[in-house]
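The values are calculated or read from the model by the stated rules, or taken from the named source; none is laboratory data. Being a predicted model, the structure only gives us computed values, none of them experimental. Every residue, glycine among them, receives a Cβ derived from its backbone with ideal geometry; neighbour counts consider all protein chains shown.
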Amino acid sequence: MKTKDFSLNVTGTNAVCPVGETTGRHNIATGAIPVLSCEGACIRGEIARLAANRVAKTPGFARGCHGELFAAPDSQMARWVKQAPQVVVIDGCHLRCHGRIVENLVGPGSLRSFDALSRYRRYGEIFEIDGVPEPERRAVAEDVATWVNEQLRAPACTAGAPSAGCATNPTSPAKESRCGG
């Protein structure tokens, strides 16, 4: 079942996150590539979040805040993500929740989208984060981060299906995938 495109109304605010403003300005100045992730409550979201934290430690990359991007569109954090020439999103599963939102907020061709679950293909019956022991979930997240970093060093995947686990450009014509998914 395919859902229709839809929108959400978000109540405006005059508030800003001081550290988000500082971080956004710094990342604009340095040209860091934003890394965003699923923040879902399940084990899949947790693995994506942990993997994104690792990828963001790679020189030239930095962790972005999806909360500010989605709910404070005039913040420096949002400005950084929206104007970046490349934005990395690691989703927890094939639903691509964050990727589907971010692709509508950033410039055409700038999204590199990954489905972490397509890499490790486990825990399909587990929801709770604690259902997977912490050392195991950290090891799986490290593997996902390594895989994402390898894909980021490779030419952009254009497999046409972001849920295939590739770094994808959803607006490019489909070509044969050379991805590790």
If MET1 satisfies every condition in (1) in a loop (DSSP other than H, G, I, E, B); (2) touching a residue at least 24 places away in the same chain (Cβ under 8 Å); (3) aliphatic (A, V, I, L, M) but one, which is the exception? (2)
Filter the stretch 4-21 down to the residues that are over 21 Å from the mean Cα position of the chain (by Cα) and assigned to a helix (DSSP H, G or I) and list them by number. PRO18
As an exercise: evaluate LEU117 against (1) in contact with an Asp or Glu (Cβ under 7 Å, 6 or more places away or on another chain); (2) surrounded by 22 or more Cβ atoms within 10 Å (Cβ to Cβ); (3) not aromatic (Phe, Trp, Tyr) and give the number of the one condition it does not meet. (1)
Take the stretch 25-61 and flag every residue that is within 21 Å of SER118 (Cβ to Cβ), polar (S, T, N, Q) and surrounded by fewer than 21 Cβ atoms within 10 Å (Cβ to Cβ). ASN53, THR58
Counting only residues that are charged (D, E, K, R), give me the strands (runs of 3 or more DSSP E) lying completely in the stretch 30-105 with at least 1 of them. 61-63, 87-91
Taking the stated definitions as given, is VAL19 hydrophobic (A, V, I, L, M, F, W, C), modelled with pLDDT of 95 or more, closer than 27 Å to GLU142 by Cβ and touching a helix residue (DSSP H, G or I) at 6+ places or on another chain (Cβ under 8 Å)? no
Scan the stretch 134-150 and tell me whether some residue there is under 17 Å from the mean Cα position of the chain (by Cα), more than 13 Å from GLY92 (Cβ to Cβ) and outside any helix (DSSP H, G or I). no
Is it the case that some residue within the stretch 48-64 is in contact (Cβ under 8 Å) with a residue 24 or more places away in the chain and on the phi > 0 side of the Ramachandran plot? yes
Tell me yes or no: at least one residue of the stretch 126-146 is of a type in the set (S, T, N, Q) and modelled with pLDDT of 95 or more. yes
Scan the stretch 77-96 and report the pairs whose first residue is within 30 Å of ILE126 (Cα to Cα) and touching a residue at least 60 places away in the same chain (Cβ under 8 Å) and whose second residue is buried (at least 18 other Cβ atoms within 10 Å of the Cβ) and of a type in the set (Val, Ile, Thr), with Cβ atoms within less than 6 Å and a gap of 6+ or a chain change. VAL88/VAL35
Residue selected from the stretch 62-99 under the condition within 13 Å of the chain's Cα centre (by Cα) and of a type in the set (D, E, K, R), by the criterion surrounded by the most Cβ atoms within 10 Å (Cβ to Cβ): ASP91
